[in-house]
Amino acid sequence: MNLWIASRYVSWMLYAGALMIASCMDAKYQEIPDICHAQLLASGVLGIAAGRVTFAEAAAGILIIGFLCLILSLWRDGLGGGDVKLIGAASFCVGIRISAYALVLSLTSAIVYVLLRKIVHKEKGEAVALAPFLSAGYCLFYFY
């Protein structure tokens, strides 16, 4: 197996593993470990080396999408620092265009989940882990 193919596989394993860990930890403890963000950044570097995404797309993903999410988190409560870092790091892996699609799907599914939960259980104001929704959206669009 040549180095190019190996870097694509390792990149995918780091990417999927980081998102799985982030989802489980956020769902259970409402916290995303920093190792997940580091894994995603390493996956992005390998993805750039393998030609999966260009450096310009990756840089635009982390800078533009990450910055917009940071501004949103400062403006409205609900999007935590771990979620912002997760979005930025995952956007570095897939680039800005795919990141936009993944975010729309992730946030739409999270909103639907919260609305259904309020209707069925009549719950108010409980925190919802966003990482599982983000992970699902970013994984679905990884190979796009």
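The values are calculated or read from the model by the stated rules, or taken from the named source; none is laboratory data. Model, not experiment: these values are computed from the prediction. Methodologically, a virtual Cβ is constructed for each residue, glycine included, from the backbone with ideal geometry; neighbour enumeration extends over all protein chains shown. Each accessible area value is taken on the protein alone, full model and side chains, heavy atoms only, with ligands, DNA and RNA left out. Shrake-Rupley method; radii C 1.70, N 1.55, O 1.52, S 1.80 Å.
Can you give the net charge of the other residues whose Cβ lies under 15 Å from the Cβ of Leu116, counting K and R as +1 and D and E as -1?
Taking every Cβ under 15 Å from that of Leu116, the sum is +2.
Taking only protein heavy atoms and a 1.4 Å probe, what accessible area per residue, in Å², does the chain have with all protein chains in place?
58 Å²
Ala22: net charge of surrounding residues, Cβ under 15 Å, Lys/Arg +1, Asp/Glu -1, itself excluded?
Around Ala22, the surrounding residues sum to -2.
Under a Cβ-Cβ cut-off of 15 Å, what is the net charge of the residues other than Ile98 that fall near it, where Lys and Arg count +1 and Asp and Glu count -1?
So the environment of Ile98 carries a net charge of +1.
Can you give me the % of accessible surface on the chain that is carbon or sulfur? Probe 1.4 Å, all protein chains present, nothing else counted.
71 percent
For the pair Asp77/Val120, report the inter-label distance in nm, with labels modelled 7 Å from Cα in the Cβ direction.
If labels sit at Asp77 and Val120, their model points lie 2.7 nm apart.
Would you mind computing, in nm to one decimal, how far apart the modelled labels at Ala127 and Gln30 are, each placed 7 Å from Cα along Cα→Cβ?
For Ala127 paired with Gln30, the spin-label model returns 0.3 nm.
Arranged from highest to lowest average of other beta-carbon atoms within 10 Å per residue, in what order do the peptides 61-70, 4-13 appear?
Packing proxy ranking, top to bottom: 61-70, 4-13.
Picking from Ala131, Ala38, Ala22, which is most flexible by a Gaussian network model of the chain using Cα springs under 10 Å?
Ala38
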